[in-house]
Amino acid sequence: MRVYLEVYGCQMNEDDASRLATILEEGGCMLAESPELADVVLLHTCSVREKPEQKVYTFASRVQRLKRKNPGLVLGIGGCVAKQEGRALLERFWGVDFLFNSYSLHKIPEHLRALRELSPLVTPKTMLMDQPEGFEESLFPCNNKTHGPTAFLTIMQGCDHKCSFCIVPHVRGPEVSRSSRAVLMHAKRLIGQGVRELVLLGQNVNRYGKHTQDIAFPELLHELDRIPGLERIRFTTSNPTDVDGSLVECFASLRTVCPHLHLPVQSGSDRILGLMRRGYTRKDYLATVERLRRARPDISLTTDLIVGFPTETNEDFQSTLRLVEEVGFDSSFSFKYSRRPFTEAGKMEGHVSKEVKKERLAMLQDVTQRIAQKSLLKVVGSSQEVLVEKLSKMSKEELMGRTLDNKTVVFPGKPSLVGKIVPVLILEALRHTLKGQYNG
Ligand code: SAH
Ligand code: F3S
């Protein structure tokens, strides 16, 4: 069976898809280069904003057209849109055969075999949508080697916060953590395969272990830090309310924890933060930033911002601009508020017009880009320790890697440097990356 796998959305979806690829191969499937060359098409989806959701429908229609010519083609849709829409998705697209989620990836090969036994005309529509209280470890196959020197490691999933704009708690369900024993074994296995850097993943990563009798997130970092051969740890995503003293302390004391934290602030206005139910004020956020900088003066901070949340006034928006200037984020992702089903904000009065959102986004991006550029320019002329991840996409003569604080660097070099941490002299700052020269 040839399977084409398409993935949209966040790093957690990417990690799900990379593990699914291994699960499929171990289950006797081959990966196909395009839907046209496949017997099965699997699409892992994102619905955090309207745009990625629309992409799913466009892709599903395209596969449905292929199915007219090839009725045996099987189409499965997984992830957040599958959960959000449920049976409605099966009804809307006659060509969708089954839905799955991140907890059922390991069941897919067997399900595909079962479907194969049936005639295409009688394929029953099915849902593989478990919501267990713990992770099944067969979701993390030992032979998954799709990573380079940097590997994702999912340690928890789901979110118990209820930010009023966000669909994640609905589609990903409550927080579920893997056991620390499983995480540590997985980490050691990855390091044995040549991984030097781990990116710990979870929708709410530092709430790891909150619902189990196991260790908490800072202790997990301490345990990982002791593994020989592991050089760098990053983790994402963190809600500012979950950054406590013991986590801040990890940035100061642990050898492997990189001086970088993605800390989504969303807005600089207390009124909007309240309506968003973020659980912190602007002052709380700034205090957390200060604690982090005291613990690790070279820490780089990045963030997510939303413009045009319902009832956002120009004054609220100006507070966001001021906060961005005040913190001086090294980079940020900014989004127009997108109305989502199953969310509290979706039902609020006072939605902001498309034009105003567009205008505010452009203004915000001007400011964030200027500040991010400053942060890149600051390192020009310095030598940085770069973990070389792969060949650069632009040129085979160049390599791509990251500094300790997560800045992307491109420099000429031999492929044999991939996987090594090397000194690179930074020569130039482009819009989003640094250009450098191997300094070994
Ligand atoms: N903790 C999560 C964050 C949720 S989604 C994680 O795994 O990354 C990532 C970002 O998308 C959020 O930080 C927020 O800035 C943005 N986002 C979420 N819902 C949104 C909405 N309804 N409209 C616009 N942006 C949204
Ligand atoms: Fe979403 Fe807020 Fe959780 S942004 S993922 S509900 S912390």
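Take the conditions (1) within 16 Å of ligand 2 (Cβ to nearest atom); (2) open to solvent by less than 30 Å² (accessible area, probe 1.4 Å); (3) in contact (Cβ under 8 Å) with a residue 40 or more places away in the chain; VAL379 misses just one of them, which is (1).
Condition (residue is within 16 Å of ligand 2 (Cβ to nearest atom), on the phi > 0 side of the Ramachandran plot and at pLDDT below 95) applied to the range 173-192: is it met by at least one residue? It would help to see each step written out before you state the result.
Initially, the range 173-192 is screened for residues within 16 Å of ligand 2 (Cβ to nearest atom), giving 173-177.
If we keep only those that are on the phi > 0 side of the Ramachandran plot as well, we get 173.
Now drop any that are not at pLDDT below 95, which leaves 173.
Checking the range 173-192: at least one residue is within 16 Å of ligand 2 (Cβ to nearest atom), on the phi > 0 side of the Ramachandran plot and at pLDDT below 95.
A quick yes/no check of all residues on (1) assigned by TED's automatic domain parsing to the domain that holds ILE233; (2) modelled with pLDDT of 95 or more:
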site: ARG87; (1), (2): no, no
site: PRO109; (1), (2): no, yes
site: ALA114; (1), (2): no, no
site: PHE135; (1), (2): no, no
site: SER164; (1), (2): yes, yes
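Taken together, LYS347, LYS374, LYS358 contain a single residue that is under 30 Å from CYS80 (Cα atoms), touching a residue at least 12 places away in the same chain (Cβ under 8 Å) and among the basic types (Lys, Arg), which is LYS358.
From the list HIS260, HIS222, exactly one residue is under 18 Å from THR303 (Cα atoms) and more than 11 Å from ligand 1 (Cβ to nearest atom). Which is it?
Going through HIS260, HIS222 in turn, just one is under 18 Å from THR303 (Cα atoms) and more than 11 Å from ligand 1 (Cβ to nearest atom): HIS260.
In the range 40-62, the qualifying residues are those that are over 20 Å from ILE306 (Cβ atoms) and in contact (Cβ under 8 Å) with a residue 60 or more places away in the chain, and the one that is surrounded by the most Cβ atoms within 10 Å (Cβ to Cβ) is LEU42.
Take the residues in the range 104-162 that are in contact with a Gly (Cβ under 6 Å, 6 or more places away or on another chain) and free of Cβ contacts under 8 Å to residues at least 60 places away in the same chain, then tell me which one is most open to solvent (accessible area, probe 1.4 Å). So, considering only residues that are in contact with a Gly (Cβ under 6 Å, 6 or more places away or on another chain) and free of Cβ contacts under 8 Å to residues at least 60 places away in the same chain, the one most open to solvent (accessible area, probe 1.4 Å) is GLN131. Annotation: HIS222 fulfils all but one of (1) farther than 27 Å from VAL168 by Cα; (2) part of a loop (DSSP other than H, G, I, E, B); (3) open to solvent by 10 Å² or more (accessible area, probe 1.4 Å); the unmet one is (2).
Of the strands (runs of 3 or more DSSP E) lying entirely inside the range 254-359, those carrying at least 3 residues that are open to solvent by 10 Å² or more (accessible area, probe 1.4 Å) and within 30 Å of THR408 (Cβ to Cβ) are 300-307, 331-336.
Would the range 200-209 turn up any residue that is surrounded by fewer than 20 Cβ atoms within 10 Å (Cβ to Cβ) and either not hydrophobic (A, V, I, L, M, F, W, C) or not in a loop (DSSP other than H, G, I, E, B) (or both)? No, because not a single residue in the range 200-209 is surrounded by fewer than 20 Cβ atoms within 10 Å (Cβ to Cβ) and either not hydrophobic (A, V, I, L, M, F, W, C) or not in a loop (DSSP other than H, G, I, E, B) (or both).
Kindly establish whether VAL289 is modelled with pLDDT of 95 or more, touching a helix residue (DSSP H, G or I) at 6+ places or on another chain (Cβ under 8 Å) and under 22 Å from ASP366 (Cα atoms). Walk me through it before giving the result.
Details: modelled with pLDDT of 95 or more: yes; touching a helix residue (DSSP H, G or I) at 6+ places or on another chain (Cβ under 8 Å): yes; under 22 Å from ASP366 (Cα atoms): no.
Answer is no for this residue.
Checking each residue in the range 311-334 for being under 16 Å from LYS358 (Cβ atoms) and within 14 Å of ligand 1 (Cβ to nearest atom) picks out GLU312, THR320, SER334.
The values are calculated or read from the model by the stated rules, or taken from the named source; none is laboratory data. Everything numeric here is computed off the predicted structure, so don't read it as measured data. Methodologically, a virtual Cβ is constructed for each residue, glycine included, from the backbone with ideal geometry; neighbour enumeration extends over all protein chains shown. The accessibility values were calculated without ligands, DNA or RNA, using every heavy atom of the protein model including side chains. Shrake-Rupley method; radii C 1.70, N 1.55, O 1.52, S 1.80 Å.
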